[in-house]
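Asks: Quick one: the structure is below, and I'll ask about it shortly.
The values are calculated or read from the model by the stated rules, or taken from the named source; none is laboratory data. Every value quoted in this text rests on a predicted model; they were computed, and no experiment measured them. Don't worry about glycine lacking a Cβ; one is built from the backbone with ideal geometry, like all the others, and counts go over all protein chains shown.
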Amino acid sequence: MKRPRVARGPKSLVLFDNKGGVGKTTLTFNLAHMFARLGRRVALMDLDPQCNLSALALPDHVLESIWDDGKPGQTVASCVEKVRIGKGELAQPVGYELADDLYLLPGDLRLSRFESRLARDWPQIMAEDNELALHAVTAFDRLAVSFGAELLLFDVGPSLGALNRAVLLASDAVVVPLAPDLFSLRGLQNVGEVLHEWREEWETARVKNLQSASRRREPPPWLPQRGMQPLGYVVQQQLTIADEPVRAYQRWLKQIPASFAEDVLQRSDPAPGSVQDDLHCLGFLRHFASLVPLAQAAHKPLFELAHADGVVGSQYQTVARATKAFEQLAEAILVKLDALGVVTAKQ
């Protein structure tokens with residue numbers, strides 16, 4: 001049963017990791033559906049040029065018709081196209097309704113063309129005559145605000161490039177999806193470094209631009225102060241034996257709490273010895289392997305699959321387990337997200 005809605009300020013969230021293949025897009029898609037179930041008005045924005053989220057959410061013929069439509073606002077790329085060429089404002093986004101209170105702004109391969117513009121403009125945000133540069137690097141934040149949703153989820157690729165930096169500038173909070181392996185732990189180091197670096201660089205530019213506008217006695221430009229605060233991490237896609245992670249993964253599981261604290265939070269406090277005891281662990285999702293292909297074919301979240309989608313036998317128990325797991329995870333994220341203060345463009 002869907003819970004009643006309560007008025008709240010808009011907030012933005014991105015699931016971000018430097019390692020691919022950890023199920024980030026699937027997790028984002030399922031969480032968005034669960035957030036809507038829990039009474040939030042949710043907008044999904046596919047900000048990965050590979051468009052995996054759009055392909056997961058929509059049948060090919062629907063996605064093809066959206067791409068072929070050509071009207072501004074139908075995809076992320078079309079929303080920022082005039083900004084990309086430096087000749088106009090953002091187009092108003094037109095969300096595709098996936099479910100009650102859940103909308104998607106589809107991705108487009110053409111979004112990759114925006115990255116070169118963002119990379120070129122980033123060094124210019126510290127200059128005096130920087131209106132066009134600021135207009136580009138803050139485009140996703142302005143686009144998110146114009147969507148009118150209560151909660152925005154961004155789907156991104158694993159890159160540490162200019163495109164994802166612009167997405168993070170528009171993000172109030174960051175959740176890190178992990179697998180218990182060497183590559184995820186190495187990715188945590190990169191995530192921690194770039195979050196710290198991007199946050200400091202943007203704050204320096206923001207303050208400089210505010211001071212410059214004050215000296216000229218001009219209205220300040222759009223300068224988001226989102227924070228990109230790490231909410232925690234999610235360990236997922238585990239192979240299990242008797243409901244316990246296989247022995248080969250135990251060594252990596254034990255290292256996750258300390259690595260997240262040191263690399264992402266930049267804290268030296270003693271970390272718990274296990275993810276189950278770590279307050280920064282938002283959830284531990286086991287592998288729903290038998291449901292994944294059914295969900296992909298039906299373009300549904302795992303917990304909405306039914307007999308018509310091919311669910312049989314013991315898979316009903318897996319659907320029930322997925323429902324409980326994603327509800328608990330979504331509620332844990334919302335508690336931390338609601339506790340964050342939000343300033344979109346503090347002057």
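Asks: Give region 156-187 a look and list any residue that's part of a helix (DSSP H, G or I), at pLDDT below 90 and aliphatic (A, V, I, L, M), or say none.
Replies: L182, L185
Asks: Identify, by number, the condition in (1) more than 17 Å from V22 (Cα to Cα); (2) not in a helix (DSSP H, G or I) that R251 doesn't meet.
Replies: (2)
Asks: Search region 273-312 for residues being aliphatic (A, V, I, L, M) and under 18 Å from F35 (Cβ atoms), and hand back the single one that is modelled with the lowest pLDDT.
Replies: L285
Asks: What about K19, is it modelled with pLDDT under 95 and farther than 17 Å from L282 by Cα?
Replies: Judged against the criteria, K19 is a match.
Asks: Being free of Cβ contacts under 8 Å to residues at least 24 places away in the same chain and among the hydrophobic types (A, V, I, L, M, F, W, C) narrows it down to one residue among V174, V207; which is it? Explain how you work it out, then say what you get.
Replies: Details: V174 fails: free of Cβ contacts under 8 Å to residues at least 24 places away in the same chain.
From the options V174, V207, the qualifying one is V207.
Asks: On to the next question. Among G88, G21, which is the only one that is within 18 Å of the chain's Cα centre (by Cα) and surrounded by fewer than 18 Cβ atoms within 10 Å (Cβ to Cβ)?
Replies: None of the other options fit; the residue is G21.
Asks: Also, quick follow-up: If I ask for residues that are at pLDDT below 85 and among the aromatic types (F, W, Y), which ones from region 212-251 would you list?
Replies: Y249
Asks: Select from region 254-272 the residues that are outside any helix (DSSP H, G or I), modelled with pLDDT of 85 or more and either buried (at least 18 other Cβ atoms within 10 Å of the Cβ) or among the hydrophobic types (A, V, I, L, M, F, W, C) (or both) and list them in ascending order.
Replies: Selection gives L265 alone.
Asks: Continuing with this model, one more query. Quick check on my filter: what residues within region 111-137 are in contact (Cβ under 8 Å) with a residue 40 or more places away in the chain and either among the basic types (K, R) or touching a Pro at 6+ places or on another chain (Cβ under 6 Å) (or both)?
Replies: Selection gives L111, S112, L134.
Asks: Let me ask something else about it. Do we find a residue being at pLDDT below 95 and surrounded by fewer than 19 Cβ atoms within 10 Å (Cβ to Cβ) anywhere in region 73-80?
Replies: yes
Asks: Quick one: which residue in T25, T75 is within 22 Å of E304 (Cα to Cα) and of a type in the set (V, I, T)?
Replies: Residue meeting the stated conditions: T25.
Asks: Against the condition at positive phi and touching a residue at least 60 places away in the same chain (Cβ under 8 Å), how does D141 come out, does it pass?
Replies: no
Asks: In the set V319, V311, which member is in contact (Cβ under 8 Å) with a residue 12 or more places away in the chain, part of a loop (DSSP other than H, G, I, E, B) and within 28 Å of D60 (Cβ to Cβ)?
Replies: One residue alone meets the criteria, V311.
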